[in-house]
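As structure tokens, the structure follows; a few thoughts come after it.
The values are calculated or read from the model by the stated rules, or taken from the named source; none is laboratory data. Not measured: the values here are computed from a predicted model. Ideal geometry is used to build each Cβ from the backbone, glycine not excepted, and the neighbour counts take in all protein chains shown. These accessible areas exclude ligands, DNA and RNA; they are computed on the full protein's heavy atoms, side chains included. Shrake-Rupley method; radii C 1.70, N 1.55, O 1.52, S 1.80 Å.
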Amino acid sequence: MIYKIRVGLKDNPYTIAIGHGILGDFPRHLRGLGLGKDAVIISHPSIERLYGALLSAALKKAGYTVKVLNVPEGEKSKSAACALRLLDKISAYDVDRKVFIIALGGGVVGDLAGFVAAVYKRGVPYVQVPTTLLAQIDSSIGGKTAIDLATGKNLVGAFHQPRLVFTDTRVLKTLSQRQVRNGLAEAVKYGIIGDVKLFNYIEANHRKFLKNDIHVLNFIVRRCAQIKARIVAADEKETKGLRTVLNFGHTVGHAVEAAGRYDQYHHGESVGLGMRVAARISVSMGLLAEPPEHRINQLISSVGLPEKIVGVRLAKILDLMRHDKKFTAGHNRFVLAKKIGQVTVINDIPATIITQAIQAYLI
């Protein structure tokens, strides 16, 4: 059974197709999308070994040509050098062809492949086939594509919506526990920003999720995708302030991730730490009571995410935050919690409150 969610954008609507064990059925869902017949799959070696042959065989059987381009694993692949290498290879392949790009992988591959699709020939179609929990519930949806700079994460990018997000939850069984917990951080975020029932469900069922319970897994993936699709449809390019709520925990989280050189902390781990800091700021600003802050921290700990920021200097975190795209003209902006299931956006929080909140979790 395939569950479909429509991302109802005015100009670039598309479908999120979610199922269990559906990867071999992928080509059928490409029909009617206006794609060419020449597929360029961007992936990395371990994912390509697991699923590349199945996907390529299905595409070839359906009449597509297939070119596979692998990039190294990890955030460091989201670089200008890596993007340019991919563009050169795609250009060399793209002779008398009509190419489209398939992002087969997690958040890094999705961001990078989407960016390459956005800039090659001023935009070619692409499809997301996310293979990590984090990508399935968050980064593959919404059309934010980007590469990183030395000064910060996602500083060079474009909005470029996929034609389809094709999510097979069976692939999650090959993830390590660390990768699963990494994705659960974003699921917890969705509960905090707008769905207290989801937060309660994760509290009650996270142990089943970590044991790969199919029903719990499918419910959380579908619910998070629904929330993301609704927010993106209401504010595609973050011009109305509605999509900003998705950044809960990301302001400090991105800085921690970059300060650790993208290998000390994974993205979800950094976001978990960022959510702890955001909750502490929320309490300091008089927006959030301490009992819900305790629940937030307890759930982040229960799913196995870090409790403290270790081995990263405060000065480095603060410096990287100043380069964050959410900070403009010297003004900071944070998504803060009013209660579980409701957040607000606050500008110009006193620096002492921010610093004290980070120090509360810094070792």
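Of the helices (runs of 4 or more DSSP H) contained entirely in region 199-286, those carrying at least 3 residues that are of a type in the set (A, V, I, L, M, F, W, C) and in contact with a Lys or Arg (Cβ under 7 Å, 6 or more places away or on another chain) fall at 214-234.
Condition first: in a loop (DSSP other than H, G, I, E, B) and either more than 24 Å from E238 (Cα to Cα) or among the aromatic types (F, W, Y) (or both). Now tell me which residues in region 151-195 satisfy that.
Quick first cut of region 151-195, residues in a loop (DSSP other than H, G, I, E, B) only: 151, 160-163, 175-176, 195.
L175, S176, listed by residue number.
Inside region 38-77, residues that are over 24 Å from the mean Cα position of the chain (by Cα) and assigned to a loop (DSSP other than H, G, I, E, B) make up a count of 3.
Quick check on A258: is it over 27 Å from I18 (Cβ atoms), at pLDDT below 95 and among the aliphatic types (A, V, I, L, M)?
Details: over 27 Å from I18 (Cβ atoms): yes; at pLDDT below 95: yes; among the aliphatic types (A, V, I, L, M): yes.
Yes; evaluated as a whole, the condition is true for this residue.
When the residues of region 100-141 are narrowed to those that are in contact (Cβ under 8 Å) with a residue 40 or more places away in the chain and surrounded by fewer than 23 Cβ atoms within 10 Å (Cβ to Cβ), which ends up nearest to K67 (Cα to Cα)? Step by step, filter region 100-141, then rank; the result is F100. Please tell me if K197 is modelled with pLDDT under 95 and more than 16 Å from the chain's Cα centre (by Cα). Spelling it out, it is not the case that K197 is modelled with pLDDT under 95 and more than 16 Å from the chain's Cα centre (by Cα).
Would you check if I102 is modelled with pLDDT of 95 or more and not in a helix (DSSP H, G or I)? Working first, answer last.
Working: modelled with pLDDT of 95 or more: yes; not in a helix (DSSP H, G or I): yes.
Spelling it out, I102 is indeed modelled with pLDDT of 95 or more and not in a helix (DSSP H, G or I).
Where helices (runs of 4 or more DSSP H) fall entirely within region 287-363, those with at least 1 residues that are under 21 Å from K189 (Cβ atoms) and open to solvent by 80 Å² or more (accessible area, probe 1.4 Å) are at 290-302. Within region 44-58, residues that are closer than 17 Å to K173 by Cα and open to solvent by less than 30 Å² (accessible area, probe 1.4 Å) reach partners that are assigned to a helix (DSSP H, G or I) and at pLDDT 95 or above with beta carbons closer than 7 Å, at six or more positions or on different chains, in the pairs Y51/L23; Y51/V171.
With respect to G191, determine if the residue is within 16 Å of the chain's Cα centre (by Cα), within 24 Å of F115 (Cβ to Cβ) and among the small types (G, A, S). Outline the logic, then answer.
Numbers: within 16 Å of the chain's Cα centre (by Cα): yes; within 24 Å of F115 (Cβ to Cβ): no; among the small types (G, A, S): yes.
No: the conditions fail for G191.
Checking L35 against (1) outside any helix (DSSP H, G or I); (2) within 24 Å of the chain's Cα centre (by Cα); (3) aliphatic (A, V, I, L, M), which single condition isn't satisfied? For L35, the failing item is (2).
Quick check, is L246 open to solvent by 10 Å² or more (accessible area, probe 1.4 Å), within 28 Å of R230 (Cα to Cα) and free of Cβ contacts under 8 Å to residues at least 40 places away in the same chain?
Numbers: open to solvent by 10 Å² or more (accessible area, probe 1.4 Å): yes; within 28 Å of R230 (Cα to Cα): yes; free of Cβ contacts under 8 Å to residues at least 40 places away in the same chain: no.
No.
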